[in-house]
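Here's the structure, in structure tokens; my notes come after.
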């Protein structure tokens, strides 16, 4: 059994600071205004889930800190470039078997989204009944979220280039993370991806407990791709990193030949991975005890089969499992929760339109998209609709499509269509990748593209839609109008 930090599991002793005082007029007004805005938002159907928190924080900037302090078992923060939504939902599903969890499941992953969620669960006087908080946090918001929630557990999944116009290069984000992690108390537990050198190095100068997770396979049964590496050199001394196993992008089993920096030994691992043609995954999980020294009986092992595709979701499952074991969730409960899990909105969905199938995958940066392409490349005769938007939530900079390995599908494509606000940019990329793409199959109108592509499908064909975030709602709306049935968030 894994022994967690006691502060993350057992209730803290109550004090005067743990209870929201009824004489805190600023907080009460902020909550009241937030609830009014939430009511009006729901009434008008605007979908602005972060608006209550946005305006409430203008009234009381300490609202998140004040409300977080009274949550009995503290807060968990999950962040990273790819996978934080799926990991947070996996974690929430597992932890909800034991705790009353508050989670920004429907809101934004900025501080205003956390505030909105807290307001929705709070009484007018600031009382919250949930005893554990789980926050999915945007990469740029992580320092601010840590300062305001004082988390018991911080989970960092990966760090890749994403929305360069907003975040800047990954080194900028990592440096900010490093600075805030160094300020955390010893009571905090840090859960890190051992296979990402840009994440594992964050354990340096961290005072609390560190738990690593990782993939122990030397080779996996997915097609090889050209790796887009954001890290080629040792972050400690600058020498070229050496890889004995390269799994995805710069993630794998690495070491520096010039210093002692290397992949740490993960305590939560998976091996014997098998990626099935129905987009499910099987593997052998191993969870080591958190004692100072390993012993032969200090390991839990179980085989698992779950309905999530690709290597990218393996890391999400490992991270969620690590959190669950910290909070003393039984492995049988973890296994059952993982096997029953369905993905977050748009990350992987399937729908039937009469006798035709449609699969929807979210794509937003080169590493994540490469893994999606790698997953669907296990099929032959692929019908593909690629949608590229450049709205604020997608990122204005779409240069990432040139770092994406579309070529892996070149010999497998049967029908190829392109849509979205930057459809012609993506069509140009496909042209240079060697695809024969008719101008008739390039259109900025997403609804038109879906309708025309589905009409070109033969009976029992499957259409794979790869789409950026802001197009997801339009994709679902269009498919619903076409008479789609049997929606499944896989």
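The values are calculated or read from the model by the stated rules, or taken from the named source; none is laboratory data. None of these values were measured; they are calculated from a predicted model. We place every Cβ from the backbone using ideal geometry, glycine too, and count neighbours over all the protein chains shown.
The test for being outside any loop (DSSP other than H, G, I, E, B), closer than 28 Å to residue 325 by Cβ and modelled with pLDDT under 90 holds for residue 300. Only one entry of 160, 99 meets the criterion of being in the same structural domain as residue 315 (by TED's automatic domain parsing), touching a helix residue (DSSP H, G or I) at 6+ places or on another chain (Cβ under 6 Å) and either surrounded by 24 or more Cβ atoms within 10 Å (Cβ to Cβ) or not in a helix (DSSP H, G or I) (or both), and that entry is 160.
Residues to consider are 231, 191; find the one that is closer than 27 Å to residue 77 by Cα, in contact with a helix residue (DSSP H, G or I) (Cβ under 8 Å, 6 or more places away or on another chain) and crowded, with 23+ Cβ neighbours inside 10 Å. Just a single option satisfies the conditions, and that option is 191. Among the residues of region 234-263, those identified as closer than 27 Å to residue 372 by Cα, surrounded by 14 or more Cβ atoms within 10 Å (Cβ to Cβ) and in contact (Cβ under 8 Å) with a residue 12 or more places away in the chain are 241, 245, 246, 247, 248, 249, 250, 251, 252, 253, 254, 263. Listed by position, the strands (runs of 3 or more DSSP E) inside region 192-284 whose residues that are more than 23 Å from residue 325 (Cβ to Cβ), over 22 Å from the mean Cα position of the chain (by Cα) and in the same structural domain as residue 80 (by TED's automatic domain parsing) number at least 1 are 242-248, 251-255.
Before we move on, is residue 408 at pLDDT below 95, surrounded by fewer than 20 Cβ atoms within 10 Å (Cβ to Cβ), part of a helix (DSSP H, G or I) and touching a helix residue (DSSP H, G or I) at 6+ places or on another chain (Cβ under 6 Å)? Yes. Can you find a residue that is surrounded by 19 or more Cβ atoms within 10 Å (Cβ to Cβ), in contact (Cβ under 8 Å) with a residue 40 or more places away in the chain and not in a helix (DSSP H, G or I) anywhere in region 85-96? Scanning region 85-96, I find no residue that is surrounded by 19 or more Cβ atoms within 10 Å (Cβ to Cβ), in contact (Cβ under 8 Å) with a residue 40 or more places away in the chain and not in a helix (DSSP H, G or I), so the answer is no. Quick check on region 114-134. Is at least one of its residues under 21 Å from residue 312 (Cβ atoms), part of a loop (DSSP other than H, G, I, E, B) and at pLDDT below 95? No, every residue in region 114-134 fails to be under 21 Å from residue 312 (Cβ atoms), part of a loop (DSSP other than H, G, I, E, B) and at pLDDT below 95. Just a yes or no: is a residue in region 393-405 loosely packed, with under 15 Cβ neighbours inside 10 Å and either part of a strand (DSSP E or B) or more than 21 Å from the chain's Cα centre (by Cα) (or both)? Checked against the condition, which is being loosely packed, with under 15 Cβ neighbours inside 10 Å and either part of a strand (DSSP E or B) or more than 21 Å from the chain's Cα centre (by Cα) (or both), region 393-405 yields at least one hit. Do we have residue 287 as part of a strand (DSSP E or B) and at pLDDT below 95 here? Answer is yes for this residue.
Restricting attention to region 52-66, does a residue exist that is surrounded by fewer than 17 Cβ atoms within 10 Å (Cβ to Cβ), assigned to a helix (DSSP H, G or I), more than 27 Å from the chain's Cα centre (by Cα) and modelled with pLDDT under 95? The answer is no; no qualifying residue exists. Could we say that residue 48 is at pLDDT below 80, surrounded by fewer than 18 Cβ atoms within 10 Å (Cβ to Cβ) and in contact with a helix residue (DSSP H, G or I) (Cβ under 7 Å, 6 or more places away or on another chain) here? Spelling it out, residue 48 is indeed at pLDDT below 80, surrounded by fewer than 18 Cβ atoms within 10 Å (Cβ to Cβ) and in contact with a helix residue (DSSP H, G or I) (Cβ under 7 Å, 6 or more places away or on another chain).
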